[in-house]
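For reference, the structure discussed in these notes is given below.
The values are calculated or read from the model by the stated rules, or taken from the named source; none is laboratory data. The structure presented is a predicted model; accordingly, all values stated were derived computationally and were not measured. Positions of Cβ are generated from backbone atoms using ideal geometry, with glycine treated the same way; all protein chains shown enter the neighbour counts.
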Amino acid sequence: MEQAQSSAPPVQASSIPGEELKTPVVDAPAPIVATSHQESKVPETDVPAPVAATSHQEEPKAPEADMPTPVVPVPHDEEPDVPRAETPGTEQGPNEHDHVEIDFGEVDSTFGDNESSTTSLASSIFNYTYENGRRYHAYHNGEYPLPNDAKEQDRLDLKHHVFKLVLRGKMFRAPIGPNPQRILDVGTGTGIWAIDVADEYPSAQVVGIDLSPIQPSWVPPNCEFVVDNAEEEWPYAPSKAFDLIHWRVLSGSIKDWPRLYSQAFKHLKPGAWLEAQEHDVRVSSDDDSVDRATEVVDWFSTVDKAAEVFGKKMDVADKQKQWMIDAGFVDVRDDIYKVPLGRWPRDPRLKEMGLYFQTQRGEALELR
């Protein structure tokens, strides 16, 4: 299946749209999932930009006392009834997570309160909500609509494999060079992308943020995870700006997309890159046979309408490019990929891609 690219000038942001049909409803070619890959670049210092590029190079005016304080997260395969938390400075055993941090947000009223705040907040993030036999995040409860239990984690890892197939083994498309120093993964989920990137780029400190502390215990030494809400103010000082910010499939979980892009712009170095990958919730087929699969089309339309009522639309893939431009990014490119739904393609790579995508999407349909 050929890749479709927009005629827009090269960019460096990636958004991958695409939702899938469970199985072909007609004998004609099965529907495919379009994926748009968007990349965007922060202007170099000698290029006029809406935001002062020098702010990314300034040293912090005060000690970074407001940075997250380490806490102990839950191992991947554990769902303890009683939360565990470590205060800074306590010794941790080999099975404990010393790489996950918490952003205090409004809890961090004073630096002197950090230790007590860490303990109470660390405890609260494990007070998960259980509904219909599934487990959901506790931190900012209700902000993200999907579960965070082991079954959902397996699905997220499977989806990661689909994206690797789409990008032919690459973690991202942005040309950041061989020695990046700082990389941020927004909505890191299980942390699988951040871990793979940390292994591939040992020069970089890779940070993954998410509402759920579900990342694994053992990670590369240059990888860390932070429990945080991406829609709140990010805590990183100008001296901690990133060479690459990445997110994937945040549709349905963000209320204010323009603000998210503005935050990303603010926390990137001059000349650095943002890459966003989003699914298009609208399924399609090359011969328009998908029009006969009315139940599937109606289902995705209904889901998007429900997400809009929730305040977090899912149909955002085709809007990413303009949001990047509005935030001040340059060299924005929107690449669109087709992802088959099912194993009907003859090409082995596309057949594998379609099988994995159909499998993870089928599991997603059972989430509620």
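I need a count of the residues in region 206-221 that are more than 17 Å from the chain's Cα centre (by Cα) and either surrounded by fewer than 17 Cβ atoms within 10 Å (Cβ to Cβ) or not in a loop (DSSP other than H, G, I, E, B) (or both).
Taking region 206-221 first, the residues more than 17 Å from the chain's Cα centre (by Cα) are 217-221.
Checking the rest, the ones that are also either surrounded by fewer than 17 Cβ atoms within 10 Å (Cβ to Cβ) or not in a loop (DSSP other than H, G, I, E, B) (or both) come to 218, 221.
Total satisfying the criteria: 2.
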**Study point:** Condition met for Gln322 (modelled with pLDDT of 90 or more, surrounded by fewer than 18 Cβ atoms within 10 Å (Cβ to Cβ) and out of contact with any Cys (no Cβ under 7 Å at 6 or more places or on another chain))
**Key:** yes
Exercise for review: For region 151-167, indicate whether the set of residues that are among the charged types (D, E, K, R), over 14 Å from the mean Cα position of the chain (by Cα), part of a loop (DSSP other than H, G, I, E, B) and at negative phi is non-empty.
Suggested key: no
Practice item. Would you be able to say whether some residue in region 161-176 is under 18 Å from Glu366 (Cβ atoms) and buried (at least 22 other Cβ atoms within 10 Å of the Cβ)? Key: yes
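Quick check on Ser253: is it touching a Gly at 6+ places or on another chain (Cβ under 8 Å) and surrounded by fewer than 20 Cβ atoms within 10 Å (Cβ to Cβ)? Talk me through it step by step, then tell me what you get.
Details: touching a Gly at 6+ places or on another chain (Cβ under 8 Å): yes; surrounded by fewer than 20 Cβ atoms within 10 Å (Cβ to Cβ): yes.
Spelling it out, Ser253 is indeed touching a Gly at 6+ places or on another chain (Cβ under 8 Å) and surrounded by fewer than 20 Cβ atoms within 10 Å (Cβ to Cβ).
So which residues in region 127-141 are touching a residue at least 12 places away in the same chain (Cβ under 8 Å) and either exposed (fewer than 14 other Cβ atoms within 10 Å of the Cβ) or part of a loop (DSSP other than H, G, I, E, B) (or both), if there are any at all? Before you say what the answer is, go through the steps one by one.
Of region 127-141, the ones touching a residue at least 12 places away in the same chain (Cβ under 8 Å) are 127-129, 132, 134-141.
Across region 127-141, the qualifying residues are Asn127, Tyr128, Thr129, Asn132, His137, Ala138, Tyr139, His140, Asn141.
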